[in-house]
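Below is one structure, written out as structure tokens, with a few remarks after it.
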Amino acid sequence: IELSLSLPDDHDGDGGGGGGGDGALSLEYQPGDSVGLIVPNTAESVEFVLDVLAKKKVHAKNGANSGSSGSGSGSSSSSSSADDDLAKQWVSIDADHPITIEEAISYHVDLCSPIKNKRILSFFATVAAGSEETNNQEEEAALRLLASKTPDGEKLFVKLVEEQRLTVYDILREFPSCRDVTLEGLLSALPRIAPRYYSVTSSPLANGKKANARNNSLTVAFSVVDYLTPSIAGTDFGRRRIGGVATRYLECLSSSFLAGADSSSSPRYKVKIFPKASQDFHLPHDLATPLILIGPGTGVAPFMGFLEHRQSQIAAMKDNTHAKASVEGTWRGGYDLEENEVPVTTSDGKGLNAAA
């Protein structure tokens, strides 16, 4: 899928936090460069985690009320209030400007990428150890085994975590005792969402010249990742359908266009991107240098930008040649001028001083 990203013509100059900046937003790039794309966690995972945190908050509040007054009244209204208000509460991460808890869960902790670091499993084993869930000891033992470096632990980690592409979202769903986790614990233990990089398939020289293209835009290409994990003999676990974190997100954004909807009436979505310049992967400056471009699959993506850029360069050379000819004229030769055919009078040299 080739996706066109229309860049805004201007911005507020302060990252969206209010106030009026007057700088123009520009994203300079060359063919061969990439853009980093930051995608949020899925809506289902964010909703699940917010619900877990809200229930924990209500449980803690009800426990405090019960200990102080012995009355359980008002628990229903407390639960409803916590579910409604938690997502909109503010939190500051890394001394940065405050954001809502919903935004923190959406963009600042990785819930949906496959787990690669065993320390995450160790963290959840510790959470399970302090849980009041009935099966917390069994779940703690299972998580500690998965996080261990023993032969059995390594084997299970490969079979259950790596091959099944388990995520933090999966751990929270499959191990109820891990739902005693706190917001502070999630923010401190989980990695941030890593950007996904995509080669630019367009040329800045061709900006706005394509059909339905805007003046300030670029394009990227990607293949949608969608596959099934292996089955596990003797269990019902396995054969999980896995989609790429970023490509699935981009496919969803493109769904209306893929279905043939009118682009003028289709909704516009915003994605977070930033440029990543390439040091050596660029076209040669000399247009006469021959090119051999080889790339499998989406490896051809940057070459699409190379070809478009070269075509634009050649077209610009032709335009310059025609413009020069129209201004200066073209000497076709085939005849000579006599001296008296181009008379020069004193008026032609008005204002000039002849050298002595």
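The values are calculated or read from the model by the stated rules, or taken from the named source; none is laboratory data. Model, not experiment: these values are computed from the prediction. Ideal geometry is used to build each Cβ from the backbone, glycine not excepted, and the neighbour counts take in all protein chains shown. The area values use the complete protein model at the heavy-atom level, side chains included, leaving out ligands, DNA and RNA. Shrake-Rupley method; radii C 1.70, N 1.55, O 1.52, S 1.80 Å.
A few remarks follow.
- The residue of the stretch 100-127 that is most open to solvent (accessible area, probe 1.4 Å), among those that are in a loop (DSSP other than H, G, I, E, B) and of a type outside the set (S, T, N, Q), is 116.
- Qualifying residue in the stretch 128-149 (condition: surrounded by 16 or more Cβ atoms within 10 Å (Cβ to Cβ) and touching a residue at least 60 places away in the same chain (Cβ under 8 Å)): no
- Among the residues of the stretch 12-30, not a single one is assigned to a strand (DSSP E or B), modelled with pLDDT of 75 or more and open to solvent by 30 Å² or more (accessible area, probe 1.4 Å).
- Verdict on residue 163 being over 29 Å from residue 247 (Cα atoms), acidic (Asp, Glu) and open to solvent by 40 Å² or more (accessible area, probe 1.4 Å): no
- In the stretch 169-192 there is no residue that is among the hydroxyl-bearing types (Ser, Thr, Tyr), open to solvent by less than 70 Å² (accessible area, probe 1.4 Å), outside any helix (DSSP H, G or I) and closer than 30 Å to residue 310 by Cβ.
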